[in-house]
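Here the structure comes first, spelled out in structure tokens, and everything after it is commentary.
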Amino acid sequence: MPKQPKKFIFVTGGVVSSVGKGITTASVGRLLVNRGFNVTPLKVDPYLNVDAGTMNPYQHGEVFVTHDGAETDLDLGHYERFIGKDLNRESNFTTGSVYGAVIAKERRGEYLGKTVQLIPHITDEIKNRIYMLADDSDADVMITEIGGTIGDFETPPFTEAIRQVRLDVGKENTLFIHVSLIAYVGPWGETKTKPTQHSVRALMGIGIVPDILICRSKEALTEEHKDKISLFCSVPREAVIEARDTKEIYDIPLIFERQGLANLIIKRLGLPDSSPDTAQWSSMVKKIKNPKETVVIAIVGKYTEHGDAYMSITEALKHGGAANETCVEIKWIESDDLQDESNIRDNLRDVHGLLVPGGFGYRGIEGKINAVKYTRENKLPYLGLCLGMQCATIEFARNVLGMEKANSSEFDPQTPYPVIHLMAEQEEIEDMGGTMRLGTYLCVLDNQSKSYKEYGIDSVGERHRHRFEFNNKYRDDFTSNGFRLSGLSPDGQLVELIELDDHPWFIASQFHPEFRSKPLHPHPLFRGFIAAALRQKANK
Ligand code: GLN
């Protein structure tokens, strides 16, 4: 049981995955923040990985890193961006970590000879984590999103746990929101509510009656559809909320607000009523939707068709665009398509800036290095993130410093010039999970640099996720040739940020600034990068 009375909202999903539970959870959070409530979100993931760190982002989406160094599900990124506060490692847990903890307790003999079972031991562990986060945060409302879909093999321990939460803390302190898909079938795209009815029935079968239904749909729902959904799903008519596909995710809290969702939640949970402050959020959305300019930014990666793998980057570009009243069009370029000079030129001729994101492994590296060479030589604005900084370093070593075959020892352990090499603290590590340099570290800025101008402060905490770093042995070779080490760790030992002096805007960081960018607080490097792209466009 939580120590203090708290309000608990649970969000489940029906019919299909990717129905929008994450954005719904984030949007509900925003609605409550707009009314002055303190909100804490939690994502529980039903897979057996202990965390998202070992999962392939091209299958599962981006690995989001919290300030305290947890490798989490990308939904935490949505929560931070919508709710506007930094989360921590307790804000996301998986079946794998729950089982790991229960089995460890069993080995320590903590269950005193009892048979250890799914109910109550696994469900208690889940509830304890929910209550612990509720107690540790000063939140008025905790919103927990249950990953996966109702009916999946993996979800029952979680749905059983949240059913019990209602028994523990009372109906008046809990709210179940179910997000479900409205289907369209046949040549005329007939609206079908049956899959949603089935999904709600499955939920009821495990003892949960949803209080609110969010209906994800391609088209507007008629009154008739809503009546039908209400009747068959046992949800009051005013609690059937439409979530039509929309181009702009930041619009969703406003769309929900207009349908009375916030009032409904407040009434249902007995929270004090107040009028919402939506001015700041609305003006941000207006800016995004009514840009005065457009720039094209190329992102060079591998398997770039999986946009979810770069979620925080595309959002941060959008924020940087909004700060300049500019729409950022992204041109995805597969790094394998950048092998020779003519296709590099063809691919990059019409863009106003290039971004090389983070990544692991050798595949695609040479294409990225070729693209960086083009931006350096053609004075195209460049933003490099983590691997993007390492590629910029390798490119400069090879093509300016004449260090033939310079490389990162990650890609070529035999290179004669390991300008990027394994960090000392990483040398003995063998486990893959949670062992990188992770989370926020302070970076001290060179006050003569362009980066310093963008930030406007002396030092900044930024989030990391890497094993390799700039090799200090080569510092003098680089700095005496216009490659500025514009940000260092406080002890001066680690290169965190670099830039080129003889270039209008070429900045690359060992950290991931994209994780800190929020729609109401665009990250300075993204804001500056888009401003540089605008200048590039004007000069063309
Ligand atoms: N693979 C590189 C490293 O481990 C870069 C990591 C990244 O881009 N996140 O250092």
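Read-outs throughout are calculated quantities, based only on the coordinates presented, and are distinct from any laboratory measurement. Small disclaimer: the values here were computed from a predicted structure and weren't measured. Here the Cβ positions follow ideal geometry from the backbone for every residue, glycine too, while neighbour counts run over all protein chains shown.
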Practice item. Rank these for me by crowding, Thr24, Thr314, Thr479, Thr222, going from fewest to most other beta carbons within 10 Å. Key: Thr222, Thr479, Thr314, Thr24
Review point. Once amide H atoms are built 1.01 Å from N in the peptide plane, which residues 5 or more positions from Cys327, or in another chain, come under 5 Å H to H?
Key: Lys292, Glu293, Thr294, Val295
Revision key, fill the gap. With x for Gly and Pro, the residue-by-residue ³J(HN,Hα) of the stretch 46-62, computed from phi through the Karplus equation 6.51 cos²θ - 1.76 cosθ + 1.60 at θ = phi - 60° and given in whole Hz, is x, 7, 8, 4, 5, 8, 7, x, 9, 9, 6, x, 7, 9, 9, x, 3
Exercise for review: Sticking with the crude label model, points 7 Å out along Cα→Cβ, report the distance from Asp491 to Glu334 in nm, one decimal please.
Suggested key: 4.4 nm
Exercise for review: Would you mind checking the tilt of helix 387-399 against the longest principal axis of the Cα atoms of the chain, expressed as 0 to 90 degrees and rounded to 10?
Suggested key: 10 degrees
Practice item. Quick one: of Lys292/Lys450; Lys286/Lys453; Lys127/Lys226, which pairs are farther than 32 Å apart, Cα to Cα? Key: Lys127/Lys226
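Test of understanding: ordering Phe158, Phe232 by Cβ neighbours within 10 Å, fewest first, what list do you get?
Working: Phe158 25, Phe232 15.
The most exposed by this proxy come first: Phe232, Phe158.
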Point to revise | Pairs from Lys43/Lys218; Lys331/Lys373; Lys7/Lys247; Lys7/Lys228; Lys171/Lys267 whose Cα-Cα separation, in the structure shown, is over 20 Å | key: Lys43/Lys218; Lys7/Lys247; Lys7/Lys228
Exercise for review: Quick one: angle between helix 279-289 and the longest Cα principal axis of the chain, in degrees between 0 and 90, rounded to 10, please.
Suggested key: 60 degrees
Check your understanding: Percent antiparallel among DSSP beta bridges with both residues in the chain, to the nearest 5?
Key -> 35 percent
Practice item. Within 10 Å of each residue's Cβ, count the other Cβ atoms and sort Arg349, Arg467, Arg166 from fewest upward. Key: Arg349, Arg467, Arg166
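Rounded, prolate or oblate for the stretch 440-517? Axes are the square roots of the Cα gyration tensor eigenvalues, ordered a ≥ b ≥ c, and the cut-off for rounded is a/c under 1.5.
Details: a/c = 1.60, a/b = 1.16, b/c = 1.38.
Since a/c reaches 1.5 but b/c is at least a/b, the shape of the stretch 440-517 is classed as oblate.
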Review point. Out of residues 5 or more away from Val419 or on other chains, whose amide H comes under 5 Å of its own, with H placed 1.01 Å from N in the peptide plane?
Key: Asn407
Practice item. Would you calculate the separation in nanometres between label points at Val185 and Lys114, each defined as 7 Å from the Cα along the Cα-to-beta-carbon direction? Key: 4.6 nm
Study note, to complete from the structure: Those trypsin sites (Lys or Arg not before Pro) from the stretch 371-450 that are DSSP loop and have at most 12 other Cβ neighbours within 10 Å turn out to be Lys405
